[in-house]
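The values are calculated or read from the model by the stated rules, or taken from the named source; none is laboratory data. If you're wondering where the values come from, they're calculated on a predicted model, not measured in any experiment. Cβ coordinates were reconstructed from backbone atoms using ideal geometry, including for glycine residues, and neighbour counts include every protein chain displayed. Only protein heavy atoms, including side chains, enter the accessible area calculation; ligands, DNA and RNA are left aside. Shrake-Rupley method; radii C 1.70, N 1.55, O 1.52, S 1.80 Å.
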Amino acid sequence: MRTIPYYLLFILFALLGFSQNKKKIIIHHADYSDINHEVLPDAVILTGNISAEHDGMNMTCNKAYFFEKENYLKLFGNVHIVQGDTLTMNSHYAEYNGINGFAYAQGDVLLTSPDSTLETDTLKYDRFKDLVFYDSHATIHNKGSVLESEKGRYYTTEKKFQFFTAVKVTSDKGTVIKSNHLDFYEVPQHSYVFGPSTITNKEDYIYTENGFYDVKNDLGKMVKNSFIWYDKRKIEGDSIYYSKLKDFASATNNVRITDTINKSKITGHYAELYKAQDSMFVTKKALVSMKSQEGDSVYMHAPRILLTGKDKERVIRAFNDARILRDSMSGKADSIHWSEKVGLTQMIGKPVIWNGDSQVTGRFIHLLSNAETQKMDSLKVLENAFVIQKDTIGDGYNQLKGVNLYGKFKENKLDELDLIKNAELIYYMYNDKNELVGIDKGICSHINVTFLEGKINTATKYVDPKGDLYPEKLLPKNARLLRDFLYRGDEKINSLEDIFTDEEINKEKKGEQAREDMKEGFNKPIDILPETIKATPGLSKKLEEDSKKQENKASKKDKK
């Protein structure tokens, strides 16, 4: 073994480096150097304040083995590797291959970029591919957020961490992301997850299998099998947007909102939820489904529905052709307003309701329910109240008319009505053999009507009654209809399918294929969003290069 003064060694390595190959590892300094062919053939043993360089990357350590022929360096003790202003790596031990630009570090490895630090036990760095990767547990600190995983990569050009096993992201605001496949862009703090993943905070729980989440601003977009538990409401949809800071969420296509407190479900193809205001807006085939305590199903539909208020104080506003359906009643109006607290349903704008065989219309219709059970209690029809019931035996119509109408329900069915002021009546009377006795036509100030099994049972005139019982032949057909008569039986809502217009059903069918195609596209990771590209300069360049490669491949295939 012989010792070579470090300054002679430095000159030798420098001359070799510059004269033979600029990509050779250059030793700038070592306190001592030894050559021992028996222990380390073809290697120089360097000790004390080693300083080396290769192609712009600087390396320092306490001890090193330099294999000049192989252009290979092993570093021991207080290893410090610096790649320009992009990466710094510290460890107890490292190896570096100058031929392929591959580095290996082990023992309390600390990798530092301008935006993050990574701590792990073992790490590999491919300079030529601008890629760092590890297969042991690592912890990454990024602007207050902590990322943990068992396996991952870091792309230095794109400034992107990529994780494949048990990754967990915890933000400084308390948001936690868990996934087995996550891409994290460190500059804007944007996460892209693929496969079963969760995003949680103190208030909300998000599940998705394909999505984006901005950790810094706490907002996200989820597009596959996604849902949010949002203040005891479950929000589902093909695409979901979420903003924690604004207490806002929206969902698009096949939207379903389940309210566990109020035991209701809301569906449509677009919805917005405002948590602070305790409100939601639903459109595109919007439908609200509720269950009363008595088990009666209640449905409300309109092109636009707005729901506001806390538990027991909810208000539903349905407008632009609103419709309602219960087990025993249905109706429609330009708009419907329902208040849970007072148990009042207001129907405004050409309102009509059907209960049993009766059609009821007027300028305004108010339905009052028991606030606790939501069972229907009473009915008010204000201005131009009109009741029509088709005669079940003949082809005529029983008709009741007055300025106002007040009714009572029994077991959610009309039991009794009172028409007040300027009351008029046309009523087909039959004997026990279902033979027509005559047509009762008259006027008075008050008419009381009772029902039996959904049909008019009695109609009694009060206060100055006037009228006659006409034989059918003596009452012309044009006299058998009261003024403003309008039978709307063809509009009656008999089932849940009837609650939607033909136009809405056809529109949904036309859009069904487009929605399915969109869902099919969600089976691959979503495209990187413009805001991520804008915040990551190296990413834009990388995407351009990848695009050109794809174009070249396609061009070659076309030529073949």
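Here are the numbers for the structure shown:
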{"quantity": "Residue match in the range 505-525 (condition: open to solvent by less than 70 Å² (accessible area, probe 1.4 Å), of a type in the set (V, I, T) and closer than 30 Å to A333 by Cβ)", "calculated": "yes"}
{"quantity": "Criterion: surrounded by fewer than 22 Cβ atoms within 10 Å (Cβ to Cβ), under 25 Å from the mean Cα position of the chain (by Cα) and in a strand (DSSP E or B) - qualifying residue of K173, K124, K202, K168", "calculated": "K168"}
{"quantity": "Breaking point among (1) over 30 Å from K410 (Cα atoms); (2) out of contact with any helix residue (DSSP H, G or I) (no Cβ under 7 Å at 6 or more places or on another chain), for S264", "calculated": "(1)"}
{"quantity": "Residues of the range 370-416 classified as over 24 Å from D484 (Cα atoms), touching a residue at least 40 places away in the same chain (Cβ under 8 Å) and among the hydroxyl-bearing types (S, T, Y), total", "calculated": "1"}
{"quantity": "Checking T345 against (1) under 29 Å from H301 (Cα atoms); (2) open to solvent by 20 Å² or more (accessible area, probe 1.4 Å), the condition it does not meet", "calculated": "(2)"}
{"quantity": "Subset of the range 296-327 (residues that are closer than 25 Å to L414 by Cβ and open to solvent by 30 Å² or more (accessible area, probe 1.4 Å))", "calculated": "Y299, D321, D327"}
{"quantity": "Residue selected from the range 326-372 under the condition at pLDDT below 95 and within 31 Å of the chain's Cα centre (by Cα), by the criterion nearest to D490 (Cα to Cα)", "calculated": "R326"}
{"quantity": "Condition broken by E209, with the remaining ones in (1) within 24 Å of S264 (Cβ to Cβ); (2) surrounded by fewer than 21 Cβ atoms within 10 Å (Cβ to Cβ) satisfied", "calculated": "(1)"}
{"quantity": "Enumeration of residues in the range 317-349 that are of a type in the set (D, E) and within 18 Å of S264 (Cβ to Cβ)", "calculated": "D327, E340"}
{"quantity": "Contacts under 6 angstrom Cβ, first residue in the range 343-357 being farther than 25 Å from K312 by Cα, partner surrounded by fewer than 19 Cβ atoms within 10 Å (Cβ to Cβ) and of a type in the set (S, T, Y), 6 or more apart", "calculated": "G349/S335"}
{"quantity": "Selection count, the range 93-114, where residues are in a loop (DSSP other than H, G, I, E, B) and open to solvent by less than 40 Å² (accessible area, probe 1.4 Å)", "calculated": "3"}
{"quantity": "Any chance K473 is open to solvent by 30 Å² or more (accessible area, probe 1.4 Å), farther than 17 Å from S358 by Cβ and touching a Cys at 6+ places or on another chain (Cβ under 7 Å)", "calculated": "no"}
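Here is a yes/no grid of residues against (1) assigned to a strand (DSSP E or B); (2) closer than 30 Å to Q374 by Cα; (3) of a type outside the set (D, E, K, R):
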residue	(1), (2), (3)
I393	no, no, yes
L400	yes, yes, yes
V403	yes, yes, yes
Y406	yes, yes, yes
I420	yes, yes, yes
Y428	yes, no, yes
I447	yes, yes, yes
A459	yes, yes, yes
D468	yes, no, no
